[in-house]
1. Which is touching a Ser or Thr at 6+ places or on another chain (Cβ under 6 Å) and either at pLDDT 95 or above or not aliphatic (A, V, I, L, M) (or both), of Ile93, Ile83?
2. Select from the stretch 224-254 the residues that are part of a loop (DSSP other than H, G, I, E, B) and either of a type in the set (Gly, Ala, Ser) or on the phi > 0 side of the Ramachandran plot (or both) and list them in ascending order.
3. Got a sec? Which strands (runs of 3 or more DSSP E) wholly within the stretch 25-141 have at least 3 residues that are buried (at least 20 other Cβ atoms within 10 Å of the Cβ) and within 16 Å of the ligand (Cβ to nearest atom)?
4. Going through Thr297, Thr340 one at a time, which residue ends up being within 28 Å of Leu16 (Cβ to Cβ), under 17 Å from the mean Cα position of the chain (by Cα), surrounded by 18 or more Cβ atoms within 10 Å (Cβ to Cβ) and of a type in the set (Val, Ile, Thr)?
5. Which is within 16 Å of the ligand (Cβ to nearest atom), among the charged types (D, E, K, R), over 15 Å from the mean Cα position of the chain (by Cα) and farther than 28 Å from Ala183 by Cα, of Arg245, Arg270, Arg279, Arg263?
6. Select from the stretch 296-323 the residues that are under 17 Å from Asn161 (Cβ atoms), aliphatic (A, V, I, L, M) and not in a loop (DSSP other than H, G, I, E, B) and list them in ascending order.
7. Can you tell me how many residues within the stretch 159-183 are within 16 Å of the ligand (Cβ to nearest atom) and touching a strand residue (DSSP E or B) at 6+ places or on another chain (Cβ under 6 Å)?
Amino acid sequence: MTIAITPRPTIMEISLYTGGASSAAGKSNVVKLSSNENPFGPPDGSKEAVVRAVHEMHRYPPTDHAALRQAIADVHGLDAERIICGVGSDEIIHFLCQSYAGDGGEVIHTEHGFAMYRISALANGGTPVQVTERERVTDVDAILAACNDRTRLVFIANPNNPTGTMIGQAEIVRLADGIPPQAILVLDGAYAEYVEGFDAGAAMVEARENVVMTRTFSKIYGLGGLRVGWGYAPRAIIDVLNRVRGPFNLSTPALAAAEAAVRDTDFVARCRAENARCRDWMANALAELGVPSDTSTANFVLARFTSPEEANACDEHLVSEGILVRRVAGYNLPHCLRITVGDESACRRTVHAIAQFKAGTA
Ligand SMILES: *Cc1c(COP(=O)(O)O)cnc(C)c1O
């Protein structure tokens, strides 16, 4: 017998996800600005909750995540019954693609959209459909033009990664109104906490049947290493997603850390303010050096260089200085570098290194 094992055809179309670098050969005192992490780490309450949870590690975690869902509902003024928790928001994206995208169903994402939308669509037998943006901003008309009777999911991140740009409420409403009846609009709010007063689409989820919001504890809450995210969806969709969710998908320490984090609203407010201050300083300083960026609403800046060669050369210089940022050629932005907003000293170090680079090539 000849062995002839092959995976489902779409699996081999997946390019492996490349995460942000975390070390540079021969460098100590490395500053990691490549994965949009909170430079201040998680709130103290989350660390203490993990330490307490250590004593319960022989017990299975709760399967209904009731305490975390209630904490999220209390803090955000939501209905706990419509919240689902996942192993990062990546897992919520997977549940959506698993439940709705198979059998060639089309999954729309934008040209500079988050890599997981395409990966998850392909992993689940869906067909990713890439649409153009307008000058690095989500283009609602282009998305609506790409919709048809096979469209199952439309993913947009707002603010978007890696562009940092956002579209307004009226545009989101136009998008939700315009997609076909069998399609779901997914609003990825991974960076929502960085925008003061922004609900990331929660009110729209409550008012409609075709909008889902995803959120994460990996960014402003500083818990990327524990993997916790959540989704807010109409009841009928939550019921579907819970059928594919593993009963024990989140560990006890992760649940405890996330619950403490979401209740620490002062921590979030402090991080948001400090991020805005450092981000705006860095963006202005880079612009003065001839490195412009779009106005960012998130915790990173997409620095634009004059060519892909210049962006790569600047990245090499930054690495030689122990500063790790993200190349974004894989997001169709080869002339750009995505720089996470670090603490004040990291931002100063980065601007100083880019100034050196620019002076050397002037
Ligand atoms: C970082 C990020 C996420 C978060 O993913 P997790 O799985 O929750 O860590 C989701 N969407 C976008 C656009 C992101 O940049």
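The values are calculated or read from the model by the stated rules, or taken from the named source; none is laboratory data. Predicted model only: the values in this text are computed from it and were never measured. Reconstructed Cβ throughout: ideal geometry from the backbone, glycine too, with neighbour counts over all protein chains shown.
1. Ile93
2. Gly224, Gly225, Arg227, Ala233, Gly246, Ser251
3. Where strands (runs of 3 or more DSSP E) fall fully within the stretch 25-141 and carry at least 3 residues being buried (at least 20 other Cβ atoms within 10 Å of the Cβ) and within 16 Å of the ligand (Cβ to nearest atom), they are 83-86, 106-110.
4. Thr340
5. Exactly one residue qualifies, and that residue is Arg279.
6. Val301, Leu302, Ala303
7. So the count comes out to 3.
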